[in-house]
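> Here's a structure for you.
The values are calculated or read from the model by the stated rules, or taken from the named source; none is laboratory data. The model shown is predicted, which means the values in this text are computed figures rather than measured ones. Cβ sites come from the backbone with ideal geometry, for glycine too, and all protein chains shown count toward neighbours. Heavy atoms of the whole protein, side chains included, go into the accessibility calculation; ligands, DNA and RNA do not. Shrake-Rupley method; radii C 1.70, N 1.55, O 1.52, S 1.80 Å.
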Amino acid sequence: MATAMGSLRRLIMAPSLRDVSFAGRGFPVVETAATRQLESIPQAVVTGFEWGIESKDLWEIERRLSLVDLEVQGFAYEGATMASVIRDSMPGRGGRTRELLQGAGRRHIFLNYIGIGFAMAKLPRPLWKKVMPDELDGEEFYPPMSWLAVDGYGFDRAYFDPARWVDGQRLDTPYAWDGHPDYFQRAVDQGIGRALWFIHGAQVEHVSSAVRRFASERRPDLWAGVGLAATFAGCSTADDLAALRTEAGELRGHVAQGSVFAAKARHFSATVPEHTRTALHALAGITVEAAAALADDAAPAPSADGEVPTYELWRRAVREQLLVNAR
């Protein structure tokens with residue numbers, strides 16, 4: 001049974017399933033079987049959040065999440081991670097996020113970072129310095145990928161307030177995530193790019209038009225986000241994905257890089273749906289297994305004092321290797 005405090009936290013922080021549907025958000029999406037599948041993803045996030053807020057212990061959360069279809073289980077973990085971060089930010093609480101990410105949720109570590117970003121969108125910035133557990137610094141947690149938290153924050157901003165963050169193209173206030181305030185907006189834009197895939201119901205023409213309305217210097221990161229969403233979330237056809245690659249033009253390498261990272265995340269989770277294989281082939285021209293190996297081989301040595309985040313060096317190395325492979 002839900003506690004009174006849990007119900008209050010859910011009321012304050014979580015939208016309803018209807019609120020995150022495309023009709024509920026007022027997105028310009030024609031309902032089809034594919035768009036219904038796509039909007040089930042934010043609904044899975046909300047469900048995971050509700051379980052994470054109300055469950056009394058980690059076993060109960062993990063047991064509930066284990067009942068979710070494997071293809072969308074990672075999204076439910078995003079929501080549960082968001083809930084854990086919010087719980088841990090309250091006085092007298094802490095440790096739930098670490099336990100969740102070190103437990104059964106570890107195979108969804110890339111999406112867990114995005115869930116941390118969802119919590120950041122709900123919390124005041126002074127609390128951000130505590131959202132990332134210190135214990136997640138081992139190589140098996142892919143520390144450079146913590147920038148996906150900022151990506152998740154950007155996705156949340158665009159998804160829930162597209163008038164300001166998409167139509168208005170608002171720039172966010174820099175924040176020294178991982179010691180790199182100058183990179184913060186770029187990671188936010190990667191999340192906004194992912195959100196565009198959902199806001200426009202995976203309709204390539206509309207997604208591409210939305211990207212092109214942004215300032216040119218922001219488009220590479222937006223395209224990378226689109227490529228990641230198209231590959232991880234799917235809901236498009238091979239022909240549409242080929243058109244997406246064409247629409248990106250000279251920036252198609254950024255779409256391919258986002259696709260590779262999505263394939264790496266799917267491969268790490270040990271659940272690779274067919275739509276991920278289809279998208280990766282269309283956008284990057286390689287298999288999921290090759291993408292996972294490429295991502296690992298391209299990972300640079302961490303640099304604590306470099307001007308460019310290790311995460312961005314990694315993204316560049318993936319694009320460069322994809323170019324070499326294409327020759």
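> Residues to consider are SER89, SER84; find the one that is hydroxyl-bearing (Ser, Thr, Tyr), at negative phi, open to solvent by 10 Å² or more (accessible area, probe 1.4 Å) and over 15 Å from the mean Cα position of the chain (by Cα).
Details: SER84 fails: open to solvent by 10 Å² or more (accessible area, probe 1.4 Å).
Criteria check complete, one pass: SER89.
> Moving on. Can you pull out the residues in the range 193-209 that are among the hydrophobic types (A, V, I, L, M, F, W, C) and over 16 Å from ILE41 (Cα atoms)? First the steps, then the outcome.
Just the residues of the range 193-209 that are among the hydrophobic types (A, V, I, L, M, F, W, C), to begin with: 195-199, 202, 204, 207.
Once the filter is applied, which keeps residues that are among the hydrophobic types (A, V, I, L, M, F, W, C) and over 16 Å from ILE41 (Cα atoms), the range 193-209 yields VAL204, VAL207.
> What are the residues in the range 48-70 that are open to solvent by 40 Å² or more (accessible area, probe 1.4 Å) and under 24 Å from PHE160 (Cβ atoms), if any?
Within the range 48-70, the subset open to solvent by 40 Å² or more (accessible area, probe 1.4 Å) is 50-51, 56-57, 59-60, 62-64, 66-67, 69-70.
Matches in the range 48-70: GLU50, TRP51.
> Going by the structure shown, is ALA299 open to solvent by 30 Å² or more (accessible area, probe 1.4 Å), on the phi < 0 side of the Ramachandran plot and modelled with pLDDT under 95?
Values: open to solvent by 30 Å² or more (accessible area, probe 1.4 Å): yes; on the phi < 0 side of the Ramachandran plot: yes; modelled with pLDDT under 95: yes.
Answer is yes for this residue.
> Out of everything in the range 171-211 that is within 20 Å of the chain's Cα centre (by Cα) and charged (D, E, K, R), what residue ends up being farthest from LEU148 (Cα to Cα)?
Checking each candidate, the answer is ASP172.
> Could you list all residues from the range 212-252 that are part of a helix (DSSP H, G or I), aliphatic (A, V, I, L, M) and either more than 23 Å from ARG266 (Cβ to Cβ) or more than 20 Å from the chain's Cα centre (by Cα) (or both)? Walk me through how you get there before you give the answer.
Step one: of the range 212-252, the residues part of a helix (DSSP H, G or I) are 212, 216-232, 238-252.
Narrowing further to those that are aliphatic (A, V, I, L, M): 222, 224, 226, 228-230, 238, 241-244, 248, 251.
ALA238, ALA242, ALA243, ALA248, LEU251 - these are the residues of the range 212-252 that are part of a helix (DSSP H, G or I), aliphatic (A, V, I, L, M) and either more than 23 Å from ARG266 (Cβ to Cβ) or more than 20 Å from the chain's Cα centre (by Cα) (or both).
> Let me ask something additional. If you check TYR153, TYR159, TYR183, which single one turns out to be within 16 Å of VAL20 (Cβ to Cβ), assigned to a helix (DSSP H, G or I), hydroxyl-bearing (Ser, Thr, Tyr) and out of contact with any Ser or Thr (no Cβ under 7 Å at 6 or more places or on another chain)? Break it down into steps so the answer makes sense when it comes.
Working: TYR153 fails: within 16 Å of VAL20 (Cβ to Cβ); TYR183 fails: within 16 Å of VAL20 (Cβ to Cβ).
Matching residue, one of TYR153, TYR159, TYR183: TYR159.
> Go through the range 170-215 and give me each residue that's of a type in the set (S, T, N, Q) and either touching a residue at least 60 places away in the same chain (Cβ under 8 Å) or open to solvent by 10 Å² or more (accessible area, probe 1.4 Å) (or both).
First pass over the range 170-215, keeping only residues of a type in the set (S, T, N, Q): 173, 185, 190, 203, 208-209.
Correct list: THR173, GLN185, GLN190, GLN203, SER209.
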